[in-house]
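The values are calculated or read from the model by the stated rules, or taken from the named source; none is laboratory data. The structure displayed is predicted, hence computed values, not measured ones. In this analysis, Cβ positions are derived from the backbone assuming ideal geometry, glycine residues included, and neighbour counts consider all displayed protein chains. Surface areas here come from the heavy atoms of the whole protein model, side chains and all, with no ligands, DNA or RNA. Shrake-Rupley method; radii C 1.70, N 1.55, O 1.52, S 1.80 Å.
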Amino acid sequence: MAMIGPLTLNIFQPSMPRLTRELGAPRDIAQLTLSLYIFSMGVAQIVSGPLADRFGRRPVVLTALGLYVASSIAGFFAASLPMLVAARIGQALGATACLGLSRTVTADLSDRAGTARVIAYTTMAMVIAPMASPNIGATIDEIWGWRTIFMVCAAAGIAVAVYCLLQLEETRPGGLTPPTGREVYARSLALLRNRGFLRYAALATLGSACFFTILGATPHLIIEVMQRPPTDYARWFMVMSVGYALGNFATGRYTAAIGIDRMISLGNLIQTGGIVIMTGLALVPMMHPAAIFLPAMLVTLGNGMVLPNALAAGIQTDRLAAGAATGLAGFAQLLFASVASYVVLLLPGQTALPMALMMLGFAVLAQIVLPLSRTSRPDG
């Protein structure tokens, strides 16, 4: 469930420059296939979370997978950029509902520290998808064309749907009377007044914005400015995925001993250090993928420590509204990320400096948010 989202997001990235040429679309318009995808990921979470609190996790997951498969097939037959964007939006809605609800299911079965640990280890396994998917997408694009990517996504969606149909049990707390729509709405609204939830959601949002800024800017920088092939971009992208996996491993291994807040603080420090190094290399400027992706490995290492802990703490703020908390936190993350991934393309893009400075701003904001409403619980 968790893997289908990052697979679908990243498998299409190496095709962006080719898509722009084939459909005759300006680069900023073609970028909507990424930015609106990310925005739709946020919408999916804010809708699917409360629905899962109201109707249960299993039926919402299966409905989302049906939408995902149908949208992937529609993308294969898209005859214009608007049709392609619509198909990507449908993919995002279905895939991200599954990603968000995988975290909700985890929260149903764990305490705060346990949720952080399981999310981290799940994400560590899930990171195989963003590591492999750009290579898969680039290879498919070069051999069969970008449309075939959508059929690969449809096949993956069918496989996950069959597995969930056979194996996924309902995990919504069984001792509770299913809440009414009014109760779900009231609990969701209460989260927006909870300072602890808002702090953790903000930290997750700012960390995600750093990653999606890199995701939005690097295809243009590597493929068009540096004149590297899409497969080269895909291989360098794996460096970031390794960093994220290491951060997830550190979270799963050490959060119970160190505590959620300390792990978030350390992760923020590491990702800020990576951004500072990237900014320095961009000032030279050093025009090589290593100057972007090696510092980005530190950014994603920090992300791997910040995101699982911040999401786990936010989701566990109110166990009766775990779905809504997952959705609201995910919506904030992805709304901000969609804006970041689009805005970075509007900046002068011949070096990595605008991207690095934008990320540095997010890192500074995270450092400001860190001490606010800090929990005093030693276990995080």
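Annotations for the structure displayed:
- So ALA87, is it open to solvent by less than 50 Å² (accessible area, probe 1.4 Å) and not in a helix (DSSP H, G or I): no
- Any hit, the range 129-151, residues being under 30 Å from GLU22 (Cα atoms), at pLDDT 90 or above and under 21 Å from the mean Cα position of the chain (by Cα): yes
- Some residue of the range 194-208 being open to solvent by 40 Å² or more (accessible area, probe 1.4 Å) and not in a helix (DSSP H, G or I): yes
- Any pair with Cβ under 8 angstrom, 6 or more apart, that starts in the range 73-99 at a residue that is of a type in the set (D, E, K, R) and ends at one that is crowded, with 17+ Cβ neighbours inside 10 Å: ARG88/PHE12; ARG88/THR33; ARG88/LEU36; ARG88/TYR37; ARG88/SER40; ARG88/SER71; ARG88/GLY75
- Condition met for ALA78 (at pLDDT 75 or above, surrounded by fewer than 18 Cβ atoms within 10 Å (Cβ to Cβ) and of a type outside the set (Ser, Thr, Tyr)): yes
- Extreme residue, modelled with the highest pLDDT, among residues of the range 90-118 that are among the β-branched types (Val, Ile, Thr) and open to solvent by less than 10 Å² (accessible area, probe 1.4 Å): THR96
- Residue ID - most open to solvent (accessible area, probe 1.4 Å), chosen from residues in the range 44-64 that are within 21 Å of GLN316 (Cα to Cα), among the β-branched types (Val, Ile, Thr) and modelled with pLDDT of 80 or more: VAL47
- Note on the range 357-380: among residues that are open to solvent by less than 20 Å² (accessible area, probe 1.4 Å) and either in a loop (DSSP other than H, G, I, E, B) or at pLDDT below 80 (or both), the one that is nearest to TYR200 (Cα to Cα) is LEU370.
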